[in-house]
Amino acid sequence: MTFHAPLIIDIAGLTLSKVDRKRLRHPLVGGLILFARNWQDRVQLTALCRDIKKLRPDLLICVDHEGGRVQRFKTDGFTHLPPMRVLGEMWLATPSATTSSKKAGPLDATNAATACGYVLGSELRACGVDLSFTPVLDLDYGESSVIGDRAFARDPRVVSLLAKSLMHGLLNSGMSNCGKHFPGHGFVKADSHTDIPVDKRSLKTILADDAAPYRWLNTVTTSVMPAHVIYPKVDARPAGFSNTWLNNILRGQLGFGGAIFSDDLSMAGARLIDGQAVSYTQAAVAALTAGCDMVLLCNQSLPSSEGGGRAIDELISGLTEAQLKGQWQASEASEVRRRALLPNTPALEWDALMVHSAYMQALDWIA
C-alpha cells in the first residue's frame, strides 16, 4: 500500500497528552498546527517540538505566523513582525538618499521583506517549528476584513516581488513557505471562517490580477493553500475542492509543482459543497481527490470543541474507511511533497541566533 500522511491536526495544550500521542502516531497523520494556546514560553515550545519529533521525526510542525495580527508567539524574545501592508507602504514611499537611515522605496522594501522572512523563519526554527503558513499573496482591495493588512498591496507585481523577497528570507533560514489563498481571497468581503464567500469575476480577470503572483512565483513557492471561496464562473465548488482550480489551473496552467494544503476544514466555507452540508471526512476526501496533498482540521482538540476532540478521531477513522473503500487513493507524489517541506539543514539554537551576524543585520531592517 502506498504511504501517504495527509492529515494536519492540532493539540489542546502545552504538552502532548496520551490522546495526542495516539493520534500523532497514526499513519494518516502527517503533521500538526500550533496555536497561541500551545505557547507559554520558548523553553516550553522547544520542549514540545522536541517531544513531537521524538514521537515521529517526519511529522511536520506548522503554525500561522505571518506578522501583525497573525503571529502566534509574541513574547519571551520573539520579534514583533509588522503586518505585510507596512512593507507595501514602504515600497510606495519616496526613496531616501542611500546615506539616510530612513527606509523607503521599492529596494528598501524588498530588503525589509527578506529580513522579515529570515527573522520569522530562524526564530521559529530555533524553537523546533518546521513551517509557517506565510506569505499571504492576496491582493488588498480594501474590502476584506479577514485579509486587510495581512496583504502586501493591491498591485500583483508589488505583491509578487515583496513575497519573493520574504520567501528568500525564509529559505535562507532553512524554512519552506506557503502562498495563500489561491487564487485570491482579497476581492470578497465575506470571511470564509464564518461564511461562504462568492467571487463572481471571470477566470480571465482573476488570472490577470489575483492569481498572477502564483505564476510569477512558481519557481520559489514551496506550498500553496487555496481559498474556501467559490468562483462560479470557473467552478461551482470552492477552490480547495476544485480539480479545475488545483490541477488544471494551478498545476497545469500556472506551473506550480509544490505541495497543496487545504485551508481549515472546520471553517464554514469548507462545510458546504455542491450545496450540501458535508462531514469532515467528506470534506477531506473532496479536497484530496481534487488535488490537495494535505488537509487541515483545526481547533477540534479542545475540551470545549464539539465532542471534546471527537472530530479528529472521526476524521482519522473516516479517512481510513474511505481509503479501504477506494473513495480516495493514497498518493506517493503527495507524500514526497509533504516531506520536502521538512527543513533539511540544522537550525541555530536561540542563544547562537541572537548573536548571529545575518540575524542581527535583519533586525536592523525591521526596526
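The values are calculated or read from the model by the stated rules, or taken from the named source; none is laboratory data. Source: prediction; values computed, not measured. With ideal geometry, Cβ positions are generated from the backbone for all residues, glycine too; neighbour counts draw on all protein chains shown.
Within the set of pairs 6 or more residues apart or between chains, which connect a residue that is without any contact (Cβ under 8 Å) to a residue 60 or more places away in the chain inside the range 63-92 to a residue that is in a strand (DSSP E or B) with Cβ atoms less than 6 Å apart?
Short answer, once both residue conditions are applied: Gln71/His65; Arg72/Val63; Arg72/His65.
Residues to consider are Glu349, Glu335; find the one that is in contact (Cβ under 8 Å) with a residue 24 or more places away in the chain, of a type in the set (D, E, K, R) and under 27 Å from Pro238 (Cβ atoms).
Glu335
If you scan the range 115-131, which residues turn out to be of a type outside the set (Gly, Ala, Ser) and part of a helix (DSSP H, G or I)?
If the condition is that a residue be of a type outside the set (Gly, Ala, Ser) and part of a helix (DSSP H, G or I), then Cys116, Tyr118, Val119, Leu120, Glu123, Leu124, Arg125 are the ones that fit.
This table checks each residue for (1) of a type in the set (Asp, Glu); (2) more than 23 Å from Ala151 (Cβ to Cβ); (3) touching a helix residue (DSSP H, G or I) at 6+ places or on another chain (Cβ under 8 Å); (4) outside any helix (DSSP H, G or I).
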| site | (1), (2), (3), (4) |
| --- | --- |
| Ile33 | no, no, no, yes |
| Arg37 | no, yes, no, no |
| Gln44 | no, yes, no, no |
| Ala47 | no, yes, no, no |
| Asp51 | yes, yes, no, no |
| Asp76 | yes, yes, yes, yes |
| Leu81 | no, no, yes, yes |
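In this structure, does Leu45 turn out to be of a type in the set (A, V, I, L, M) and under 18 Å from the mean Cα position of the chain (by Cα)?
Considered against the rule, which asks whether it is of a type in the set (A, V, I, L, M) and under 18 Å from the mean Cα position of the chain (by Cα), Leu45 comes out as no.
Mind listing just one residue for me: the one in the range 231-263 that is in a strand (DSSP E or B) and buried (at least 24 other Cβ atoms within 10 Å of the Cβ) and, of those, modelled with the lowest pLDDT?
Filtering the range 231-263 for residues that are in a strand (DSSP E or B) and buried (at least 24 other Cβ atoms within 10 Å of the Cβ), the one modelled with the lowest pLDDT comes out as Asp263.
Inside the range 37-60, can you point out the residues that are surrounded by fewer than 20 Cβ atoms within 10 Å (Cβ to Cβ) and closer than 24 Å to Ala115 by Cβ?
Within the range 37-60, Arg42, Thr46 meet the criteria.
Please enumerate the residues belonging to the range 49-93 that are among the acidic types (Asp, Glu) and over 28 Å from Ala367 (Cα atoms). Even if it seems obvious, please write down each step before you answer.
Initially, the range 49-93 is screened for residues among the acidic types (Asp, Glu), giving 51, 58, 64, 66, 76, 89.
Hits for the range 49-93 are Asp51, Asp58.
Restricting to the range 80-106, and then to whatever is among the hydrophobic types (A, V, I, L, M, F, W, C) and modelled with pLDDT of 95 or more, can you tell me which residue is surrounded by the most Cβ atoms within 10 Å (Cβ to Cβ)? Explain how you work it out, then say what you get.
From the range 80-106, those among the hydrophobic types (A, V, I, L, M, F, W, C) are 81, 84, 86-87, 90-93, 97, 104; that's our starting set.
Then keep just the ones that are modelled with pLDDT of 95 or more; that gives 81, 84, 86-87, 90-92.
Values: Leu81: 22, Met84: 29, Val86: 18, Leu87: 27, Met90: 22, Trp91: 24, Leu92: 13.
So, considering only residues that are among the hydrophobic types (A, V, I, L, M, F, W, C) and modelled with pLDDT of 95 or more, the one surrounded by the most Cβ atoms within 10 Å (Cβ to Cβ) is Met84.
For residues that are assigned to a loop (DSSP other than H, G, I, E, B), within 22 Å of the chain's Cα centre (by Cα) and crowded, with 16+ Cβ neighbours inside 10 Å, tally how many sit in the range 1-31.
So the count comes out to 7.
If only one of Pro27, Pro6 is touching a strand residue (DSSP E or B) at 6+ places or on another chain (Cβ under 6 Å) and more than 24 Å from Gln71 (Cβ to Cβ), which one is it? Spell out the reasoning first.
Values: Pro27 fails: touching a strand residue (DSSP E or B) at 6+ places or on another chain (Cβ under 6 Å).
When all the criteria are applied, what remains is Pro6.
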